[in-house]
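Okay, so here's the structure we're looking at.
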Amino acid sequence: MFQALRIRDFRLLWAGGMVSSIGSWLLVIAVPAHVFLATGSLRATGLTLAAEYLPALALGPLAGVVTDRLDRRRLMAGTNVFRAGAVAVMLLGIAPGRYWVLYLALLADSAGGTLYGPAQQARTPQIVGTGTLLSSASALNTATSGAVRLIGGPLGGVLLALSGIKWLICADVLSYLVSAAASLMTSRTCSGPAARRATLADVASDLAEGARVLARQPAARALLPVTAAFLAANASLSAVLIPFGMRRLGGGEHIGLLLSCLGMGFLLAAPALRALLDRAQPRYLLAATLTGSAAGYFALFTSTSLGTALPAAVAVGMFGSMSEAVPLTTLQRVIPGTALGRISAAFLTAEAAATLAGATAGPFVAQAAHLAGIAAAASLLTLGAAVLALAAVPHLCLHAVVAEGRAANRARPAGQPQPAEPGWAASVTPDVAGVTAVGHRCAPDGPATGRPGGALDVGDGPGAQA
């Protein structure tokens with residue numbers, strides 16, 4: 001799981017992201033709690049959630065174009081500096097009567113995150129390649145996310161009570177600046193996109209080109225509705241987690257235990273991902289993790305005691321985080337680097353729309369059909385996503401990319417960035433002239449015969465980085 005840390009650039013990227021995530025998660029509970037304690041308004045508190053997803057819906061596709069046109073290293077550093085400034089503005093919006101400033105700052109922070117996300121997802125395979133080190137990086141990021149969830153949110157709540165929100169805001173500003181510095185300290189990647197000026201026609205052409213890549217890549221095309229359905233189901237249950245804890249488990253103090261168990265599930269998922277990402281076909285692995293998530297959802301939201309709820313929360317965290325990591329790693333492998341920013345942004349936009357829809361619909365379904373009804377509906381939707389993954393995601397050439405990745409790792413001096421490692425593609429994937437790599441061609445059960453190509457919330461909280 002720790003092999004990717006041998007590469008200096010990934011160590012910097014990982015450490016900077018971890019520091020920034022801790023800073024962001026300090027505010028995940030603190031910001032809405034501060035607004036609610038000051039206003040007593042559920043509507044005012046709910047606006048903090050809207051501020052997270054609206055920029056992704058509005059800016060997502062354009063963020064992908066920017067990622068594929070600019071130097072991703074500088075883009076990540078620049079967006080972190082911008083987000084540090086946006087969070088600093090929150091200091092002007094925490095006084096009564098000035099919460100509109102706080103909402104604008106949250107919107108700006110989320111807009112910066114919308115630009116950062118595709119750049120980070122595209123930058124990682126630039127550094128570690130698409131072979132076994134990418135699986136190591138995915139597992140390590142999942143473990144880090146679990147650890148941050150275990151300590152970040154609860155620590156933010158404690159520090160909010162002890163020192164107030166101002167110090168937490170300052171800590172988040174500092175964490176973004178540390179992450180920006182870490183990004184700038186990474187090496188320039190020769191195979192990365194060259195910055196170039198763009199007209200409106202160029203942007204439209206890039207968007208159309210990205211759509212063609214997505215349409216002609218069977219794995220990516222199948223993963224988009226699967227991921228959207230899963231996140232809609234997850235969001236519908238996340239929206240009723242607080243009422244569930246209050247009504248079924250005996251009080252709000254147990255919500256923190258549930259969140260900690262979700263984080264524990266992330267930690268358990270990390271070694272499983274490291275062992276399975278290079279061995280199991282994505283469609284089988286994703287179908288299994290989605291089925292596990294569906295079972296965990298139903299077990300959790302039909303529980304009447306902590307004895308059954310806490311193990312179910314661990315299962316939701318474990319299988320849910322794996323259900324996010326498998327599509328992401330697959331995209332990083334099947335999509336060429338020249339288009340990865342746009343495809344990642346398309347997924348992030350669809351995920352934001354699905355999450356917002358699920359979070360909106362969940363309370364209404366729960367009101368009409370009670371918690372058991374929303375648990376059954378979300379579980380069935382997740383099972384439907386599992387069936388779709390099994391039926392629609394094509395067979396991929398795992399043995400080819402693993403073998404080439406190991407050969408490239410042995411040939412590279414220790415600690416050096418990965419050269420432009422070839423991507424890998426489904427055996428039925430047609431090439432897009434000038435856009436996709438040639439990829440690998442292999443029979444479903446035979447040796448590789450092709451050649452390398454060329455040129456609950458189980459998601460992150462507000463302001464968190466991928």
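Within the set A229, A204, A195, the sole residue that is within 18 Å of M76 (Cα to Cα) and either modelled with pLDDT under 85 or under 22 Å from the mean Cα position of the chain (by Cα) (or both) turns out to be A195. Restricting Q126, Q121 to residues that are farther than 30 Å from I255 by Cβ, touching a Leu at 6+ places or on another chain (Cβ under 8 Å) and of a type outside the set (F, W, Y) narrows the list to Q121. Every listed requirement among (1) buried (at least 19 other Cβ atoms within 10 Å of the Cβ); (2) out of contact with any strand residue (DSSP E or B) (no Cβ under 6 Å at 6 or more places or on another chain); (3) modelled with pLDDT of 90 or more is met by Q418 save one, (3).
For segment 281-288, the criterion of being buried (at least 19 other Cβ atoms within 10 Å of the Cβ) and at pLDDT below 90 is met by no residue. A295 satisfies every condition listed in (1) farther than 26 Å from I255 by Cβ; (2) part of a helix (DSSP H, G or I) except (1). Of the set (1) at pLDDT below 85; (2) surrounded by 24 or more Cβ atoms within 10 Å (Cβ to Cβ), all apply to E209 but (2). Checking each residue in segment 121-135 for being surrounded by fewer than 24 Cβ atoms within 10 Å (Cβ to Cβ) and at pLDDT 85 or above picks out no residue at all. Candidates are the residues of segment 313-338 that are buried (at least 24 other Cβ atoms within 10 Å of the Cβ) and of a type in the set (G, A, S); the one that is nearest to M264 (Cα to Cα) is G317.
The values are calculated or read from the model by the stated rules, or taken from the named source; none is laboratory data. Remember, it's a predicted structure, so these values are computed and weren't measured experimentally. Note that each Cβ is placed from the backbone with ideal geometry, even for glycine, and that neighbours are counted across all protein chains shown.
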